[in-house]
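One structure is given here, and the rest of the page talks about it.
The values are calculated or read from the model by the stated rules, or taken from the named source; none is laboratory data. What you see is a predicted model, and the numbers here were worked out from it, not measured in a lab. Please note: Cβ atoms are built from the backbone with ideal geometry, for glycine as well, and neighbour counts cover all protein chains shown.
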Amino acid sequence: MITETEVADFEDWGDAVQKAVGVLQAGGLVALPTETVYGLGADALNPEAVAKVFEVKERPHFDPLIVHLSSVKDLSTVAVVPEEIKEVVEALAKEFWPGPFTMVLPKTDAVPDLVTSGLPTVAVRVSAHEVMQDVIKELGSPIAAPSANRFGRISPTSAAAVQEELDGRIPLIIDGGASREGLESTIISVKMGEKRPEMTILRPGPVSKEALQKFGKVFKYKPASAKNSPEAPGQLPSHYAPRTPLYLFERPEDFKPEPGKRYALLSYRGMEKDGYLDLHEWETIGCLSSGTGKLAEGAVRFFYMLRYMDSLGVDAIIAEPISETGLGVAMMDRLRRASVQDS
C-alpha cells in the first residue's frame, strides 16, 4: 500500500477534507491532525473500519478507543447522559469542548462494542482542530481515532512522525501542521456523589485536576494495573515507549552508568542545579524547556524529543523527573509508562 500525504492548506483545506472523507466513507483509515496528537481515524459506527484500526496499530482489542464528535450537539449519537450528572456534563462540555478533554459516559447502541472493547461506556471528545472538525461534519458520522502510531510506541505530533510509524499501512495522512498541545487529552469519568458531582481522572492530560475542581470533587489519578483491563484509552501501564530503553530516575544518585554504554539525557530544563547534567559524559542532552522550565513548552516538545532521542542509536535514554503540577502530572505519567518497568 502506498501512503499518500495531503497538506491541509490553512487558507483552504477543503480538498484535504474531501479526500479524507472519501477514504473514510469507503471504510478506510486516515491519519488526522488534532490539537493533542495525530489520530488514526475510522468511521466510529462502522465495525469493519474500526477493526482495521486495531489491526494497523497492532493494538489489543481490550484497549478501547476515543470517539470524536464535531460538536457537543452530537453527543446523544454516541452517549446517554444520566439525568443525575447531566448538569455537570453540560458544564464540563461548555468549559472544555472543543479541546483536549475526554469524558467517559454510558454508550448508545449505535456504538459498536469493538470501539469500547465491550465496555458499557464510551470515551468521547470534541477536538479543537478545525480540520478534524470539518472531516467529521462532512462524513456525517463520529470518528474513532486513537493515536496514529503502532501500539505502545511514541505518539506522533506531526505528519512526518505518522509517516515514520505507519508508512505503507494506511492510504492517507492529512498534514495539518504540528500539534498545538503535544500531549493526549485528559480523560475523566463522572458520577454523582452524595452531595456533589465526583470526577475521577483516568488519564492525566492538558486539563488539570485544578481546572476540574470547580465542577465537583476530583479523585486523584491512579495508574491502571497490569492485572486489570483498562477503563479508558491509554491506561495500560506500559505505553508511549521508544525502542531505546528509557530509565526514569527521580533522584540523580540512583543513576549508575555501566562501563562502555552510551547514554543520552532527557532533561526538563537543562540546568546544572537539578543534579543530572554533570553525572555523566552524555552523548546528547535534550531539553524539554531549556532554562525556563515552562510546562506548556515542555508538553509541546515532549513526544518530539522522545522520538528524536530514540533515533540517536544510544544504549539508553536517562530521563529527569518533571515537577508534578499542572501539565507536569501528565508528562510524568507518560515518562513512567515509557520507562523500563523495573527501573
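Search segment 48-63 for residues that are on the phi < 0 side of the Ramachandran plot and assigned by TED's automatic domain parsing to the domain that holds residue 38 and pair each with any residue that is among the acidic types (Asp, Glu) and outside any helix (DSSP H, G or I) when their beta-carbon atoms are under 7 Å apart and the residues are at least 6 apart or on different chains. So the pair list comes out as 49/43. Of the candidates 266, 335, 279, 327, the single residue that is closer than 23 Å to residue 180 by Cα and more than 19 Å from the chain's Cα centre (by Cα) is 266. Which of the residues spanning segment 179-201 are under 30 Å from residue 305 (Cβ atoms) and in contact (Cβ under 8 Å) with a residue 60 or more places away in the chain? If the condition is that a residue be under 30 Å from residue 305 (Cβ atoms) and in contact (Cβ under 8 Å) with a residue 60 or more places away in the chain, then 179, 180, 181, 182, 183, 184, 185, 186, 187, 188 are the ones that fit.
Of all the listed residues (123, 128), the sole one being touching a Gly at 6+ places or on another chain (Cβ under 6 Å) and not polar (S, T, N, Q) is 128.
Among the residues examined, residue 318 does not qualify as over 15 Å from the mean Cα position of the chain (by Cα), modelled with pLDDT of 95 or more and surrounded by fewer than 20 Cβ atoms within 10 Å (Cβ to Cβ).
With respect to (1) touching a Cys at 6+ places or on another chain (Cβ under 7 Å); (2) over 27 Å from residue 36 (Cβ atoms), the lone exception for residue 281 is condition (1). Quick one: would you say residue 136 is touching a helix residue (DSSP H, G or I) at 6+ places or on another chain (Cβ under 6 Å), buried (at least 21 other Cβ atoms within 10 Å of the Cβ) and in the same structural domain as residue 61 (by TED's automatic domain parsing)? Taking the combined requirement at face value, the residue does not satisfy it. Taken over segment 1-27, the criterion of being more than 19 Å from residue 139 (Cβ to Cβ) and of a type in the set (A, V, I, L, M) is satisfied by 1, 2, 7. Looking only at residues of segment 116-132 that are at negative phi and out of contact with any Pro (no Cβ under 7 Å at 6 or more places or on another chain), we find that the one that is surrounded by the fewest Cβ atoms within 10 Å (Cβ to Cβ) is 130.
Of everything listed in (1) more than 21 Å from residue 43 (Cα to Cα); (2) in contact with a strand residue (DSSP E or B) (Cβ under 6 Å, 6 or more places away or on another chain), the single unmet condition for residue 182 is (2). Among the residues of segment 295-343, those that are closer than 21 Å to residue 164 by Cβ and in a loop (DSSP other than H, G, I, E, B) comprise 311, 312, 313, 314.
Within segment 241-253, take every residue that is over 14 Å from residue 315 (Cβ atoms) and touching a strand residue (DSSP E or B) at 6+ places or on another chain (Cβ under 9 Å) and give me the one that is surrounded by the most Cβ atoms within 10 Å (Cβ to Cβ). Applying the filter and picking the extreme gives 248. Flag set for residue 181, criterion: touching an Asp or Glu at 6+ places or on another chain (Cβ under 8 Å), acidic (Asp, Glu) and over 28 Å from residue 83 (Cβ atoms). Set side by side, the residues 44, 49, 79, 93 differ, and just one is hydrophobic (A, V, I, L, M, F, W, C) and in contact with an Asp or Glu (Cβ under 8 Å, 6 or more places away or on another chain), which is 49.
Each residue in segment 283-312 was checked for being over 21 Å from the mean Cα position of the chain (by Cα) and touching a residue at least 24 places away in the same chain (Cβ under 8 Å), and 4 pass.
Total residues in segment 144-192 satisfying the condition of being under 21 Å from residue 326 (Cα atoms), over 13 Å from the mean Cα position of the chain (by Cα) and small (Gly, Ala, Ser): the figure is 1.
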